[in-house]
2 protein chains.
Amino acid sequence: MLDFTDKLKPQYDGAATLQAERNASTINVDELAKHLLSRDGFLERQERILRVLEKEKIFKKDHQMNLSRPERYHLGLARAKAVQRIMRKYSWTTSEDYKMFEYLVDEVSPYHLHLTMFATTVREQGSEAQKKYWMPKILNYDIIGCYAQSELGHGSNVRGLETVAKWDPQRKEFEIHSPYLTASKWWNGSLGRTATHAIVVAQLLLPKKGKENEYESHGPQPFIVQIRDQKTHQPFEGIVVGDIGPKYGYASMDNGYMLFDHYRVPKSAMLSRYVEVSEETCTLNRHGHPAVVYGSLTFVRGQIIMHARLILARAVTVAVRYCSIRRQFRDRDSRSDQDDEMKVLDYPTVQIRILPLLATAFALHYTGEMMYSMYIKSREAIENDDFGPLAELHSASSGLKSLCTMLTADGIETCRRAMGGHGFGGGSGLIGMNADYLSKPTVEGDNWMITQQVAAYLIKKMTSAVADPTAPPKDPTDELFQFYLKNRGHHIPQNVAHGTETDDCAIVCVFKWRTADLSYRAYQARVIDKKPWTKLMIQLHSLSRAYSEQILVTTFHNSFRTSTSTLSSPTPEVLRTCFRLYALHTLETSASSFILTNSVSSESIYALQDAILALMTELRPHAVKLVDAWSIPDFLLASALGRSDGKVYEELYDMAHRRNPLNRITFNPDWRSEEIVLGSGDGGRHVLSKL
Amino acid sequence: MLDFTDKLKPQYDGAATLQAERNASTINVDELAKHLLSRDGFLERQERILRVLEKEKIFKKDHQMNLSRPERYHLGLARAKAVQRIMRKYSWTTSEDYKMFEYLVDEVSPYHLHLTMFATTVREQGSEAQKKYWMPKILNYDIIGCYAQSELGHGSNVRGLETVAKWDPQRKEFEIHSPYLTASKWWNGSLGRTATHAIVVAQLLLPKKGKENEYESHGPQPFIVQIRDQKTHQPFEGIVVGDIGPKYGYASMDNGYMLFDHYRVPKSAMLSRYVEVSEETCTLNRHGHPAVVYGSLTFVRGQIIMHARLILARAVTVAVRYCSIRRQFRDRDSRSDQDDEMKVLDYPTVQIRILPLLATAFALHYTGEMMYSMYIKSREAIENDDFGPLAELHSASSGLKSLCTMLTADGIETCRRAMGGHGFGGGSGLIGMNADYLSKPTVEGDNWMITQQVAAYLIKKMTSAVADPTAPPKDPTDELFQFYLKNRGHHIPQNVAHGTETDDCAIVCVFKWRTADLSYRAYQARVIDKKPWTKLMIQLHSLSRAYSEQILVTTFHNSFRTSTSTLSSPTPEVLRTCFRLYALHTLETSASSFILTNSVSSESIYALQDAILALMTELRPHAVKLVDAWSIPDFLLASALGRSDGKVYEELYDMAHRRNPLNRITFNPDWRSEEIVLGSGDGGRHVLSKL
């Protein structure tokens, strides 16, 4: 419908503004994009799959925000199935292709757990016979699987799971049972409405030796269980299963619950690559080293970092583009009424929120890449029965998972607030992403809990270093701790900034020194002073954070010696500015920790604010091109504010005026009448029926 | 439907646990509740209105999370109308009653702006004749009004609004017009589908003196405009109006957009208590002092603080209760397999996130009360034509709005994460509250922007203090600055903590000293060194935060001399622990700022961690009773995790298993079929039709 608003234009032209921003920086965006996103053919794959998705109506995101949660599951399932058909049609069958679909569709698919935890667990923990039986059905999606580990009462503490699987020596089978309400499986993705099969993790109960009526637990073990009838899709007798209901995010996913009433499964249900119940002795035979499983946990956490950088880059893309276009107020010191209002990205109060996050996305990138190589290397070591690197890898991956998901989750909200009023609107494109991402700080190892593991590792390393300060160092942590022990008597806090000049090597050193000093304090408190672990927890959490920040800073700095040096000017210099900004901003955020560990001179702390301002001024002209390099397609952004063409206001208006279903209904606002939709005469019954 | 899960119980009994927590503290909850919530009969009102709401089906919250956004507006309107009918039925007509409805229903009503900004603006800015004409219609809800100020292109910068109202000297009327797309009114609550009338804020254009074809703006002025036909509820010709679509929160509210095409309104449309266009000279006559308007802005901001404390108390209520019941892991130093798992609230890593926020809710309370008295006092002064107190009031209210809404918005998310996995679920009861509250840091004055006003005020005060350091102080800020100037040459950083002992007066002093020192630095940078305002913005934001934190700390401390001393033991001592915890935690969070301003000794900084641990240990046994005192009814909490009876797991399970509509549908998970609901044969058409 045409009306007088069709010919109106915004006061300032967003498209021209963004073009001017791009013209003002000589960064080669394509080159930088390839540098960041070439692994596994990411960029080529993105383009290929995007072309298909954009054509299919079912992936349109326009009305998604107007759907109810049950409708979102309907849609999620329809999309999951459509993706399978499309992948087969184009013969795209790699898991990288699949992940790209999920990334671009931007919602967790009800099939998500099938190819991740379900398939992985069977592959890694199934015996050869089990794999032979199950893997073809899995790869063909003849069955849909999920992974049922967490329970209503236990998540982090896997050893405390309440579901039991009791061995019946007579019938040579297991009886799976939920003795308490809190034994209910809970949160397990794809379980609620979708899955036909589940990996059920349960306490394996075997008869006690010599007392055949008493049972004892041999710890949680995985069982593969069919839970629903293949035809009717109804759960079998003895199983209660369903969807747990709406959550912050994951609207499209059927996170489920499940309880068992003495439910019997055959012996073959227990995945038995590493463990098997002996039918003769009713004991558990262990074979092989399941530490390789921790390897895959580490891989998952490495992927979490790579994922975090893309999520953060997306929030920053929206914020940088919108804040380059949005103008508000003339400069307070301006003397002319004719001056344009300032772009809000030119306010330091906006820069200080967005630009350090822009820098952080790059920091995450280089550490994600490093973790990936570390994982490959340790896999090789494991193949040669060398489990040594696992501890360092596990520690780094835990600390980094905690830090990076926190930075990203908080970063999304920081970007949103920096966008003022429109940041709260649907045009931000951040609502769904934020709602989904808020799960990350607590899943796959709670961000506060897993840092205890990091600290325990560092205390152990420091204990060794103290015991033998001249042993040949096995890794960078040994080297650092030995250096620290040698120098702590005569260490001088370092200068990282003089005026607005920064010293990159000194930056790396202060992050390292702080980690070593906090490790030493933790060692002292726990090993020497024998303080209770619980009392130290906050201190240990800070230690993990310091250690992880040190990894980010060191790895980013190392990248200058290797990968980034081949890029054309000015990109390497701009990345160095990102490095400095990330590091100094981090330093300022935790300044007191650097001061108390004598890492940094107080002179530097005074200089920080000006140094950071100067770095942001250096970075500012490149901001739009730096976010362009992350190559987030408009289809994925789904954001009026972040559109690559800068038509922010045109799109916001179009969404509201032409694409909002609520505007097709006329309401009756008179309180005297119970009618809601004008002329419907329904007296509000429609609304009441929904309650 | 009965099944085997009906008889299951949780492994640990939540109800007994919460009872034990309550038994372990001797705080008199009723007494403390009255102390906190007696103003305007809050507690009595809450109970009275709750009794009615609980009986009416339309206010049931059970299925609310399963509704789509358009359905939420339907429901919101139905509830808004129901509230009007109920209020009349019971003859409850005060605005306090109305606010209590909105508080307990816990969603922003589509009528919200009618009684707030719409009515207030007519009352405060309308002439006697205008008030006589409009107020009866408004109070009767014969018309529904809204307040259309913000535009697509301008929010914070009100002077930059693009909508114009041009005086036509011939026809003696105004022509309202939207010259750009960005002139579109935007975000205005109740405008989208509900309102019949709007206050439209537009640039008043009058002919330039001597050049009758040229116009100039006399700044934004409010006009009262009927926008929709009383019968058909359709907008009039020349007006385009609608709902802007889904947002982070406010699903029940129809935030709207509106544009005008040379739309004519009579002269009487301009609210003319303070300004009027002369028909003879076409000039603007001003009469009276509109500063009183700023008074009401301040009142709104004072209410924001009181609201913030209740929102924060609600999040903390949920977190404290759930974390008292949730158990996970045995103590790492435990030597027995028979020990219960620990309550997660006994982990310092959980305490450090929740208990300082519990303390913060009380800090906000006393400052909210203080702001309220300050507002009453300054109203009286204004009646006597003394506008002196306005500047201090406006400054304090701006800084505190920024700080308190940030603390609360961040606090909700901190509580949520502290609850681990279940914190992400719908059972938290925090989803809607969080989505709505996230608007607060950017509305009613963006939290970063308004701090500039605070800093400007403090710089002005410091400039006066430097100019005449012995003038009789007019307010506490003058006193502080004079004290600072006298002592800055020989000031010694203070100890606030020795071991685990704290010094309350020293705490107040260091917060004051930091504020004064940062004010002096800002004065130096701007007034002496003449630095550009823009370059100082980050520093000025930190100054505002320091100043506002100082108000919270000082006011909390002052409460011990007055209100809290009458409470029975141990409440006054526990509140003192809250004061110390809030203050020391704040101090630790910004430790470097206290160090750099020489406010606090480094000895104290080293002692902080242990002091905070000790305070949390003191507070811990009272946590449940302290949140009980905030008297948030279960109806409002709508939280399985936060239920007052502790039946956390029973309720989570009930929500999932018995009240989740998705579980009534059986799906077809086979990718080969386009059918979504099993047996429907619909081939996915239903889903596609929604896109």
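Numbers for the structure displayed
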quantity	calculated
Descending semi-axes in Å of the stretch B:643-691, equivalent ellipsoid built from Cα gyration tensor	34, 12, 8
Value at 222 nm in deg cm²/dmol, rounded to 500, when DSSP H runs of n ≥ 4 in the protein assembly as shown each add -39,500 (n - 2.57)	-16000 deg cm²/dmol
Cα centroid of the stretch B:208-253 to Cα centroid of the stretch B:563-586, whole Å	50
Shortest-first distances to equivalent copies, position B:F4, nm, label 7 Å out along Cβ	7.1
Relative intensity, log₁₀ I(q)/I(0), of the stretch A:131-176 from a Debye sum that treats every alpha carbon as a point, q = 0.15, 0.25 Å⁻¹	-0.68, -0.86
Pairwise centroid distance, computed over Cα atoms, of the stretch A:388-443 with the stretch B:597-675, Å	20
Diffusion coefficient, µm² s⁻¹, Stokes-Einstein with Kirkwood Rh over alpha-carbon pairs of the stretch A:263-396 at 20 °C and 1.002 mPa s	109
FRET efficiency, 1/(1 + (r/R0)^6) with R0 35 Å, evaluated for B:K535 and B:K61 via beta carbons	0.10
Spin-label model distance (nm) - B:D30 vs B:R51, 7 Å beyond Cα toward Cβ	1.7
Per-copy distances of the B:H287 label point, shortest first, in nm (7 angstrom along Cα→Cβ)	10.1
Cα-Cα separations in the stretch A:142-288 greater than 26 Å, expressed as whole percent	24
Debye log10 I(q)/I(0) for the stretch A:385-480, one point scatterer per Cα, at q = 0.16, 0.21, 0.23, 0.24 Å⁻¹	-0.75, -1.00, -1.11, -1.16
Average projection area in nm² (convex hull over Cα atoms of chain B, one quarter of hull surface)	38.6
Reduced Cα scattering model of the stretch A:497-600, Debye log10 I(q)/I(0), q = 0.10 Å⁻¹	-0.34
Heavy-atom surface of the stretch B:175-323, accessible at 1.4 Å and reported per residue (Å²)	34
Helical segments meeting 18 Å axial Cα length and Kyte-Doolittle 0.5 threshold in chain B (DSSP H)	B:291-325, B:602-619
Loop-resident sites, the stretch A:172-263, for GluC sites (Glu not before Pro), counting at most 11 other Cβ within 10 Å (DSSP)	A:E237
Space enclosed by the convex hull of the alpha-carbon atoms of the protein assembly as shown, per residue, Å³	186
Relative contact order for chain B, counting Cα pairs under 8 Å that sit 6 or more residues apart, in percent	15
Solvent-accessible area buried by B and A, counting both chains, probe 1.4 angstrom, square angstrom	14100
Complex-versus-alone comparison for the stretch B:387-432, residues with a loss of 30 Å² or more in accessible area, probe 1.4 Å	B:R416, B:R417, B:G421, B:H422, B:F424, B:I431
Taking the stretch A:142-288 and dividing mean pair separation by its residue count, relative contact order in percent (alpha carbons under 8 Å, at least six apart)	26
Carbon/sulfur fraction of accessible area - the protein assembly as shown, other protein chains in place, 1.4 Å, %	52
Two-decimal Rg to Rh for the stretch B:42-200 - Kirkwood Rh, Cα set	1.04
Distance (nanometres) between label positions extended 7 Å along Cα→Cβ at B:S563 and A:T617	4.7
Viscosity 1.306 mPa s, temperature 10 °C, Stokes-Einstein D of the stretch A:502-545 from Kirkwood C-alpha radius, µm²/s	140
Net charge over other residues, Cβ less than 14 angstrom from the Cβ of A:E279 (K, R count +1; D, E count -1)	-1
Convex hull (Cα only) mean projected area of the stretch B:1-106, reported in nm² to one decimal	10.7
Label 7 Å beyond Cα on the Cβ vector: B:D386 copy-to-copy distances, nm	8.2
Members of A:K209/B:K647; A:K440/A:K625; A:K7/B:K247 lying beyond 30 Å, as alpha-carbon distances in this model show	A:K209/B:K647
Reachable aspartates and glutamates, given that their alpha-carbon falls under 16 Å from the alpha-carbon of B:K132 and they are not under 8 places away in the same chain	B:E124, B:D142
Those lysines that a straight Cα-Cα span of less than 28 Å connects to B:K211, excepting residues fewer than 8 apart in one chain	B:K166, B:K172, B:K267
Length gained when the stretch A:E280-A:R123 is fully extended (0.36 nm per residue, less Cα-Cα span)	53.8 nm
Over the stretch B:294-627: Kirkwood hydrodynamic radius from C-alpha pairwise inverse distances, Å	21.0
Dimensionless Rg ratio for the stretch B:311-381, taking C-alpha atoms and the 2.2 N^0.38 Å reference	1.73
Charge sum, other residues only, whose C-beta stays under 11 Å from B:Y141's C-beta, Lys/Arg counted +1 and Asp/Glu -1	+3
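The values are calculated or read from the model by the stated rules, or taken from the named source; none is laboratory data. Small disclaimer: the values here were computed from a predicted structure and weren't measured. So basically every Cβ, Gly included, is an ideal-geometry build from the backbone, and we count neighbours across all protein chains shown. Note: accessible area is taken over every heavy atom of the protein model, side chains too, but ligands, DNA and RNA are not part of it. Shrake-Rupley method; radii C 1.70, N 1.55, O 1.52, S 1.80 Å.
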